[in-house]
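Right, one structure below, let's go through it.
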Amino acid sequence: MHVCQRCVSLFLSRPLSAALQPSTRAPHQRSHLTLLQHSTRHTLSQRHGTQTGTHFTGRQAASPPLYNKKEIVPLNSDDHRIDLDSAVHLSPLQEISEDEAVQIQVPSALPPESSTLRPYVDKSETLSKLVHLGVNLWKLEQRPNVGSMLVRLDFHADVAPRLLFLKDLGVEESKLGQLLTINPFILTESVDNLEARVSYLKSKKFSKQSVAAMVSKAPYLLNFSVERLDNRLGFFQKQLGLRAEKTRDVVTRLPKLLCGSLEPVKENLKVFELEFGFRGNEIQHIVTTVPKVLIANKRKLTQIFDFVHNTMNVPQSLIGKFPQTLVSRVLRPGPVPTVSAQLRLLGPLGVPAR
Amino acid sequence: MTTQAVRLFRKMDGLFAVYKPQGVHWKHVRDNIESSLLKALNSCPPAAPQLAVHFQLLSDGKNSSSKDLVPSPSMVPVLADHPLVTGPQFHKVHVGVGHRLDAFSSGVLVLGVGKGNRVLEHLSKSHVTRDYTLEGEFGKSTDSFMDTGRVIEKATYDHVTQDKLERVLAMIQGANQKALITYSQVDLRTQEAYELAVRGLLYPHGKSPPILTGLRCINFNPPHFTLEVQCVNETQKYLCKLIHEVGLELRTSAICSGVRRTRDGPFKVENALTRQHWTADSIIQAIAHFSKTTRKIRKSGMYRQTAGQFNSSAQIQEQTRRQSEQINQEHAGLSSSTSDAVGDRKTPS
């Protein structure tokens, strides 16, 4: 998007970027004011005792009490004492020279703090480019501190290298927006770390397409350290007893396994072993067919298994051969009555009881 | 300039009735209705975005040979109005629930939207009665009085006949009539009170335990039986306990296998929306259908509030009883005109 020249000049100058930090109030107001005051000091040193100089200092002296009193002194120590009685009234229609006109600093119209990103989107190159990519800024600003983080990013230094990295990895451009909406912190992770993690995955013989697919499905994947990824891959290989290529296949289909905690997975495996009574090779078959059972809700799994095995009288070995029943939405107990409730109303022969 | 979404939102003000299915918590019903209303509101096209002047470096159009890039102005939509930055137009629609129904029961559930929530308050303070259909089964007794609970004891029910059941029901009704007269704080020796009692316009004042104003047996096939109940200030658990007590009086045991509310004040089950109709246009149609009753409830509620300020208790009772008489007459009037309401509803697209 072409940003207009006036916007670019405003945006690139230092006072504006300081004012764009919306998180805390006091230090930024002070920095805002002190930076303006620095600029007026330059104008004063160039032109001695001009009317515009006193006008500026008069305006600065009337600012709120956060203003640092020490900085008034060097001004007054020069020969320009502010004599309010002999103040010459300036008219806005007064003609001033070209040099003076060029040196006028216009304070930015951006609010120093805001609860939404709306005032900053048009002025900030990063934010407008993110909107054009398809990032849902409204969703991101609901999360604490993410809005401030995005506004502080510089497009050419921070965002562009990471977007190019993701594109080189093979992530489709249409999916970049969704990826950044789920995980905006990929823009603050250092590119060296990201490259190290990708090279680790490739060393474990994940193909380029599978790495790209994994990053698209689990946007937080590359924010985890190499040790953590290694730990998880090792756990799945050892615990399930699968060969390397099958583990790779399971992880490529459900990369969320590498992101979350291992405790729920361990509990689910215990449930399968002790409550349902499946043996090792049956569990391997279940996990390779439907990897979702490892992170499914333990209570819902038990409810569905109880219903299918005890009420519908399906043998446990048959459930092990067709584990899709354990995650199907049709049998799931939920707030609104579904097929399972209708099945309960039917008696044992599948005929209405009354 | 109002947008289409705002105009649709302004139509969502009033009361309507919904048929709550069995096994569902009333909160899920309320959330479902709120999300379907929000979905309809947010699917409306948003207001046109503001335009701003932007300077773009384009090549000079006059001479195609010259390669000078000249900043030329154009009107571009402002990104601050982009849907990815503003978010959805509506975040919340206020949907309130009238007399609640627990998960085991089904039937009419009155909901209020927007300004209708104020009228819900008046409805809850007004002494409208509710109609229930209770399904019971002789022979068992459970810990929760419902058929889903753990069975505690079993008993024979061969000796139970319809005659005995009706006698027990008459006894219960008599006890409830006495309670009604006591709690209505009325001296039956006065002429006006006698006339009200004859017309069936007595109601309990202030806090009272559940009182049944009507009770009869519709169906009797032992072990199953069905009762029809009109009551005030009740809970569904109390009605299940009533079935249990009927069983005790008949020297057997009974459990409740179904509670179904068929009427809540002027809202009847024929006009309640079923699950296929929980969409914005059906709801707005239902609100329009009930707008007259909503207005009458609001008027009687406001009258009750202003009458309370005058602080003369006998006068209040007389005048509020006249209001409730009007509402009861509307019940009779509505019951004759329910047939047209169901046919008018369009199938939602």
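If you scan segment B:86-103, which residues turn out to be within 13 Å of B:Ala47 (Cβ to Cβ) and either facing chain A (nearest Cβ under 7 Å) or buried (at least 20 other Cβ atoms within 10 Å of the Cβ) (or both)?
Result: B:Thr86, single match.
Could you list, in sequence order, the residues of segment A:165-181 that are farther than 22 Å from A:Val226 by Cβ and either under 16 Å from the mean Cα position of the chain (by Cα) or among the hydrophobic types (A, V, I, L, M, F, W, C) (or both)?
Start the filter on segment A:165-181 by keeping residues that are farther than 22 Å from A:Val226 by Cβ, which leaves A:167, A:172-178, A:180-181.
The answer is A:Lys175, A:Leu176, A:Gly177, A:Gln178, A:Leu180, A:Thr181.
Could you tell me whether B:Val198 is hydrophobic (A, V, I, L, M, F, W, C) and assigned to a loop (DSSP other than H, G, I, E, B)? Break it down into steps so the answer makes sense when it comes.
Numbers: hydrophobic (A, V, I, L, M, F, W, C): yes; assigned to a loop (DSSP other than H, G, I, E, B): no.
Criteria not met by B:Val198.
Kindly evaluate B:Leu196 against the criterion of being within 22 Å of B:Ser105 (Cα to Cα), surrounded by 18 or more Cβ atoms within 10 Å (Cβ to Cβ) and not polar (S, T, N, Q). Outline the logic, then answer.
Details: within 22 Å of B:Ser105 (Cα to Cα): no; surrounded by 18 or more Cβ atoms within 10 Å (Cβ to Cβ): yes; not polar (S, T, N, Q): yes.
The answer is no for B:Leu196.
Got a number for residues in segment A:94-121 being in a loop (DSSP other than H, G, I, E, B) and either more than 9 Å from every other protein chain (Cβ to nearest Cβ) or at pLDDT below 90 (or both)?
Let us first name the residues in segment A:94-121 that are in a loop (DSSP other than H, G, I, E, B), namely A:94-97, A:104-117.
After this cut, where a residue has to be either more than 9 Å from every other protein chain (Cβ to nearest Cβ) or at pLDDT below 90 (or both) as well, the list is A:94-97, A:104-115.
The qualifying residues number 16.
I'd like to check something: does segment A:263-275 contain any residue that is aliphatic (A, V, I, L, M) and loosely packed, with under 14 Cβ neighbours inside 10 Å? Spell out the reasoning first.
So in segment A:263-275, the residues aliphatic (A, V, I, L, M) come out as A:265, A:269, A:271, A:274.
When the remaining residues are screened for being loosely packed, with under 14 Cβ neighbours inside 10 Å, the result is A:274.
Looking through segment A:263-275, at least one residue is aliphatic (A, V, I, L, M) and loosely packed, with under 14 Cβ neighbours inside 10 Å.
Given the criteria part of a strand (DSSP E or B), touching a residue at least 40 places away in the same chain (Cβ under 8 Å) and within 28 Å of the chain's Cα centre (by Cα), does B:Thr133 qualify?
yes
If only one of A:Val135, A:Val131 is within 18 Å of A:Glu173 (Cβ to Cβ) and in a loop (DSSP other than H, G, I, E, B), which one is it?
Details: A:Val131 fails: in a loop (DSSP other than H, G, I, E, B).
So the residue among A:Val135, A:Val131 that is within 18 Å of A:Glu173 (Cβ to Cβ) and in a loop (DSSP other than H, G, I, E, B) is A:Val135.
Can you give me the number of residues within segment B:19-31 that are within 11 Å of chain A (Cβ to nearest Cβ) and either closer than 15 Å to B:His94 by Cβ or assigned to a loop (DSSP other than H, G, I, E, B) (or both)?
7
Given the criterion aromatic (Phe, Trp, Tyr) and at pLDDT below 90, identify the matching residue among B:Phe104, B:Phe55. Show your work before the answer.
Working: B:Phe104 fails: at pLDDT below 90.
Step by step, each of B:Phe104, B:Phe55 is checked, and only B:Phe55 is aromatic (Phe, Trp, Tyr) and at pLDDT below 90.
Residues checked against (1) of a type in the set (A, V, I, L, M, F, W, C); (2) part of a strand (DSSP E or B):
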residue	(1), (2)
B:Ser72	no, yes
B:Val76	yes, yes
B:Ala80	yes, no
B:His91	no, no
B:Arg100	no, no
B:Leu111	yes, yes
B:Asn117	no, no
B:His122	no, no
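Mind listing whichever residues of segment B:155-180 are under 13 Å from B:Leu242 (Cα atoms) and of a type in the set (Lys, Arg)?
The answer is none; no residue qualifies.
Go through segment A:143-190 and give me each residue that's aromatic (Phe, Trp, Tyr) and either out of contact with any Asp or Glu (no Cβ under 8 Å at 6 or more places or on another chain) or within 14 Å of chain B (Cβ to nearest Cβ) (or both).
Residue satisfying the conditions is A:Phe185 alone.
Looking at segment A:290-315 only, could you name the residues that are part of a helix (DSSP H, G or I) and surrounded by 15 or more Cβ atoms within 10 Å (Cβ to Cβ)?
Start the filter on segment A:290-315 by keeping residues that are part of a helix (DSSP H, G or I), which leaves A:291-294, A:298-311.
The answer is A:Pro291, A:Lys292, A:Val293, A:Leu294, A:Lys300, A:Leu301, A:Gln303, A:Ile304, A:Phe305, A:Phe307, A:Val308, A:His309.
What pairs can you find where one residue is in segment B:1-28 and under 27 Å from B:Arg298 (Cα atoms), the other is crowded, with 17+ Cβ neighbours inside 10 Å and basic (Lys, Arg), and their Cβ atoms are less than 8 Å apart, with a gap of 6+ or different chains?
The qualifying pairs are B:Ala17/B:Lys268; B:Trp26/B:Lys20.
Could you identify the single residue in B:Pro21, B:Pro45 that is more than 30 Å from B:Asn233 (Cα to Cα) and not small (Gly, Ala, Ser)?
On the way: B:Pro21 fails: more than 30 Å from B:Asn233 (Cα to Cα).
None of the other options fit; the residue is B:Pro45.
Give B:Arg150, B:Arg167, B:Arg130 a once-over and let me know the one that is surrounded by fewer than 16 Cβ atoms within 10 Å (Cβ to Cβ), touching an Asp or Glu at 6+ places or on another chain (Cβ under 6 Å) and not acidic (Asp, Glu).
Values: B:Arg167 fails: touching an Asp or Glu at 6+ places or on another chain (Cβ under 6 Å); B:Arg130 fails: surrounded by fewer than 16 Cβ atoms within 10 Å (Cβ to Cβ).
Going through B:Arg150, B:Arg167, B:Arg130 in turn, just one is surrounded by fewer than 16 Cβ atoms within 10 Å (Cβ to Cβ), touching an Asp or Glu at 6+ places or on another chain (Cβ under 6 Å) and not acidic (Asp, Glu): B:Arg150.
Of everything in segment B:66-85, what is within 7 Å of chain A (Cβ to nearest Cβ) and either surrounded by 17 or more Cβ atoms within 10 Å (Cβ to Cβ) or modelled with pLDDT under 90 (or both)? Give them in sequence order. Spell out how you get there, then give the answer.
Here is the first cut: in segment B:66-85, the ones within 7 Å of chain A (Cβ to nearest Cβ) are B:71, B:78-80, B:82, B:84-85.
Within segment B:66-85, B:Pro71, B:Leu79, B:Ala80, B:His82, B:Leu84, B:Val85 qualify.
Quick one: B:Ile152 ticks every box in (1) under 33 Å from the mean Cα position of the chain (by Cα); (2) not in a loop (DSSP other than H, G, I, E, B) except a single one, so which number is it?
Every listed condition holds for B:Ile152 apart from (1).
Condition check: touching a strand residue (DSSP E or B) at 6+ places or on another chain (Cβ under 8 Å), on the phi < 0 side of the Ramachandran plot and assigned to a helix (DSSP H, G or I). Does B:Asn176 satisfy that? Lay out the reasoning, then the answer.
On the way: touching a strand residue (DSSP E or B) at 6+ places or on another chain (Cβ under 8 Å): yes; on the phi < 0 side of the Ramachandran plot: yes; assigned to a helix (DSSP H, G or I): yes.
Yes, satisfied.
Got at least one residue in segment B:209-216 being in a loop (DSSP other than H, G, I, E, B), in contact (Cβ under 8 Å) with a residue 12 or more places away in the chain and in contact with a strand residue (DSSP E or B) (Cβ under 9 Å, 6 or more places away or on another chain)? Steps first, please.
First, the residues of segment B:209-216 that are in a loop (DSSP other than H, G, I, E, B): B:209-210.
If we keep only those that are in contact (Cβ under 8 Å) with a residue 12 or more places away in the chain as well, we get B:209-210.
When the remaining residues are screened for being in contact with a strand residue (DSSP E or B) (Cβ under 9 Å, 6 or more places away or on another chain), the result is B:210.
Checking segment B:209-216: at least one residue is in a loop (DSSP other than H, G, I, E, B), in contact (Cβ under 8 Å) with a residue 12 or more places away in the chain and in contact with a strand residue (DSSP E or B) (Cβ under 9 Å, 6 or more places away or on another chain).
Can you work out which of the residues in segment A:126-142 that are among the polar types (S, T, N, Q) and at the interface with another protein chain (Cβ under 8 Å from one of its Cβ atoms) is farthest from B:Val85 (Cα to Cα)?
Step one: filter segment A:126-142 for residues among the polar types (S, T, N, Q), giving A:126, A:128, A:136, A:142.
Retained after the next criterion (residues that are at the interface with another protein chain (Cβ under 8 Å from one of its Cβ atoms)): A:128, A:136.
Details: A:Ser128: 10, A:Asn136: 7 Å.
My answer is A:Ser128.
Look through A:Arg279, A:Arg232 and report the one residue that is under 20 Å from A:Leu326 (Cα atoms) and among the basic types (Lys, Arg). Can you show your working first?
Working: A:Arg232 fails: under 20 Å from A:Leu326 (Cα atoms).
Only one candidate passes the filter, namely A:Arg279.
Within segment B:199-217, does at least one residue satisfy the condition of being of a type in the set (D, E, K, R), surrounded by fewer than 16 Cβ atoms within 10 Å (Cβ to Cβ) and under 25 Å from B:Thr161 (Cα atoms)?
Of all residues in segment B:199-217, those of a type in the set (D, E, K, R) come to B:199, B:207, B:216.
In the following step, the residues that additionally are surrounded by fewer than 16 Cβ atoms within 10 Å (Cβ to Cβ) were identified as B:199, B:207, B:216.
Within this subset, residues satisfying the condition of being under 25 Å from B:Thr161 (Cα atoms) are B:216.
Taking every residue of segment B:199-217 in turn, at least one turns out to be of a type in the set (D, E, K, R), surrounded by fewer than 16 Cβ atoms within 10 Å (Cβ to Cβ) and under 25 Å from B:Thr161 (Cα atoms).
The values are calculated or read from the model by the stated rules, or taken from the named source; none is laboratory data. Computed from a predicted structure; not experimentally measured. Heads up, the Cβs are rebuilt from the backbone with ideal geometry, glycines too, and the neighbour counts pull from every protein chain shown.
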